[in-house]
Amino acid sequence: MDRGADHRHGLRSADDDPDDRELEEDAALSFAIAVYREDDQWEADMLPFALTSNLDRLIHALRQQPSISGTIGLVDIGDEFFVALRVLGERVSVFLSDITAAWDWPLAEQVLEYLDIPVPDEEELEAVLREGKQMVLPVGDLSIFADLGMDEMELVALSGDRELLPDEVLSSIAARLGFSQPYERAVDAALGLG
């Protein structure tokens, strides 16, 4: 079996490469949270860890949660990137904080596939990033939270803030959208802190 096939399906071994050990350590800090409105207040629940690497199953789990304004999924993958989803009926909006995560992470690669965006060639993307002096390049539905009060510019600015880790960006999004307390409780439960 070639390493590329293993990589695409998330079947990595820490023995493959020292970088893979770092990826596995980041994965240990990963979590998925479902946020929804119930009785006019925000609620949040942790989702099974396995959903942090499978977009189809993540979308399916979010569809199972009834909510007036749709269900929000927030997935943090270690210190690397995050994915935000919004499921309202058959409509699914997806936002990936950094397109380059698709080089190393199955979930990010699945997001690009879902969005029908090819995984970028590293040399081309590095040239774009150098020209724009950006460290991250978000992709997907930039207006995912616009109706909740967070416009595209604010989401992109938060996502591109090099001083913030992905979990801190998600905490900022939760605070900005008004569900900080239930979100933080769910994150603590997911990480075994609560």
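Quick note: the coordinates plus some simple rules give every number you see, no bench work behind them. Computed from a predicted structure; not experimentally measured. A quick note on method: Cβ atoms are made from the backbone with ideal geometry, for glycine too, and the neighbour counts reach across all protein chains shown.
Do any trypsin sites (Lys or Arg not before Pro) in the stretch 43-145 lie in a loop, going by DSSP, with at most 10 other beta-carbon atoms within 10 Å of their beta carbon, and if so which?
Numbers: sites: ARG57, ARG63, ARG86, ARG91, ARG130, LYS133; in loops: LYS133.
Passing sites in the stretch 43-145 are LYS133.
Among 139-149, 105-115, what's the highest-first ranking by average C-beta atoms within 10 angstrom per residue?
Working: 139-149: 16.3, 105-115: 20.5.
Order by mean packing, descending: 105-115, 139-149.
Counting Lys and Arg as +1 and Asp and Glu as -1 over every other residue whose Cβ lies under 10 Å from the Cβ of SER93, the net charge comes to +1. Here the stretch 47-131 was treated as a single set of alpha-carbon atoms; its pair distances binned every 10 Å from 0 give 17, 48, 26, 9, 1 percent. When the trypsin sites (Lys or Arg not before Pro) in the stretch 142-194 are filtered for DSSP coil states and for at most 16 other beta-carbon atoms within 10 Å of their beta-carbon, the remaining sites are ARG162. Take every pair of alpha-carbon atoms less than 8 Å apart whose residues are at least six positions apart; their mean separation over the length of the stretch 29-190 yields a relative contact order of 24 percent. Database remark: amide H of SER30 closer than 5 angstrom to the amide H of GLY78 (H placed geometrically; neighbours at sequence offset of 5 or more, or on other chains; Pro and chain starts carry no H). Once the chain from ASP39 to ALA175 is taken as fully extended at 0.36 nm per residue, the excess over their C-alpha distance is 47.0 nm.
Placing one equal scatterer on every Cα of the stretch 29-190 and applying the Debye formula, the log10 ratio I(q)/I(0) at q = 0.10, 0.12, 0.15 Å⁻¹ is -0.33, -0.48, -0.75.
Given R0 = 30 Å, the distance between the Cβ atoms of VAL119 and ALA189 translates into a calculated FRET efficiency of 0.35. Projecting label points 7 angstrom from Cα along Cα→Cβ for MET153 and ASP79 puts them 3.2 nm apart. Approximating the spin labels as points 7 Å out from Cα along Cα→Cβ, the GLU163-to-GLU126 distance works out to 2.9 nm.
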